[in-house]
Each structure stands twice: as structure tokens, then as C-alpha cells.
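Presented below is the structure to which this report refers.
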Amino acid sequence: MTTIVFRDRVMACDSQHTYDDTKFYGVKKIEAGINSLIGIAGASRFANCVFDWWRAVEVDEFTDVANWHRMGSLIAEDVVMLVAHQTQGLFRLDYTGRASRIHSDYAALGTGAGFALGAMSMRATAVQAIDIAMKFDLYTGGEIAYVQYK
């Protein structure tokens, strides 16, 4: 899968995609928008669909993230998303775009999430948390990428 983390206005991720026994690198998993940041974990074949859907729904700063799934259909199997909205907070979205609020200052998802959360609980930055997850999670690797609010 991957590891996506958010802390202190920064979202970070690894660049590895694993398919069976093969690792690919350079996969885009995070993006900064007008009002939010998004990270995608899971089936990377749906990444472009997810980014297109998100660009269309996130432009209205007054629309509640919890209602984004009603603004445009999204069907992306085996995908989970982390959204950090500048005014609304952190959310985990499922493959349909339905949101669950995360009541924390930081969050992580993907196969390396446990390692990243442990690192952030000890005050690691988002980038440091990805680096630690890469040391322990087989499905987290490659280069570290990060985005910040615009």
C-alpha cells in the first residue's frame, strides 16, 4: 500500500507502488489544492480519478467535507484518502468520498500508518514520520514527497 501522513500543515508520503513482488517508484500520492491537501493510499490505478474528483469538489471553501460525496460521484475501489482542510480539519475518506472526521492534530493511513503515528506521538514531523515508516514497512519506500497549504 503506502504511508500518508499529516502534521503541522504538511502532508507527506512515500513514492513506492508495490504490485505483487515488484516495486515501482515515482507514484504521485498527494496534492495541494485551494483549501485542502489530499493523500491517496491503495490502488494507484484510481489516483487520477480521485484527484480529478477532488479538484472539482474542494474549490468551494464553504462546502462541508462531509458532503463532498454528494457533489460528484466517485467510485475508486481499494482506495482510502486523507484530507486536511484548512478550516474544517482532518478527514479520512473512503472510496466513495464519504468522510469521517479525525479528532487529532496529526494523522496517518496506509500500511505504515502505525509506525508513522508512533513517530509523530514522539513529536516527529510529517517527513520524519514517513522516513521512520520506510525503515519498517515493506510497502513504504522510495523518495519522500510533501506538500503544504498554499
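The values are calculated or read from the model by the stated rules, or taken from the named source; none is laboratory data. Please read these numbers as outputs of a predicted model, since none were measured by experiment. Here the Cβ positions follow ideal geometry from the backbone for every residue, glycine too, while neighbour counts run over all protein chains shown.
Structure above, values below:
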| read-out | value |
| --- | --- |
| Pairs where the first residue, in the range 12-25, is of a type in the set (Lys, Arg) and the second is at pLDDT 85 or above and part of a strand (DSSP E or B), C-beta under 6 Å, 6+ apart | LYS23/GLN16 |
| Leading residue by the ranking (farthest from the chain's Cα centre (by Cα)) among those in the range 100-119 that are within 19 Å of HIS85 (Cα to Cα) and surrounded by 19 or more Cβ atoms within 10 Å (Cβ to Cβ) | TYR106 |
| Residue identified as surrounded by fewer than 20 Cβ atoms within 10 Å (Cβ to Cβ), of a type in the set (Phe, Trp, Tyr), modelled with pLDDT of 80 or more and part of a helix (DSSP H, G or I) among PHE46, PHE51 | PHE51 |
| Complete set of residues in the range 120-129 that are surrounded by fewer than 19 Cβ atoms within 10 Å (Cβ to Cβ) and either hydrophobic (A, V, I, L, M, F, W, C) or in a loop (DSSP other than H, G, I, E, B) (or both) | MET122, ARG123, THR125, VAL127 |
| Strands (runs of 3 or more DSSP E) wholly inside the range 1-43 that include at least 2 residues being closer than 20 Å to TRP54 by Cα and modelled with pLDDT under 95 | 30-32, 36-42 |
| Residue, nearest to ALA113 (Cα to Cα), within the range 55-66, restricted to residues that are at pLDDT 75 or above and touching a helix residue (DSSP H, G or I) at 6+ places or on another chain (Cβ under 8 Å) | GLU58 |
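Yes/no matrix, rows are residues, columns are (1) closer than 20 Å to SER36 by Cα; (2) at pLDDT below 90; (3) in a strand (DSSP E or B):
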site: TRP68; (1), (2), (3): yes, yes, no
site: ALA108; (1), (2), (3): yes, no, yes
site: GLY118; (1), (2), (3): no, no, no
site: ASP131; (1), (2), (3): no, no, no
site: GLY141; (1), (2), (3): no, no, no
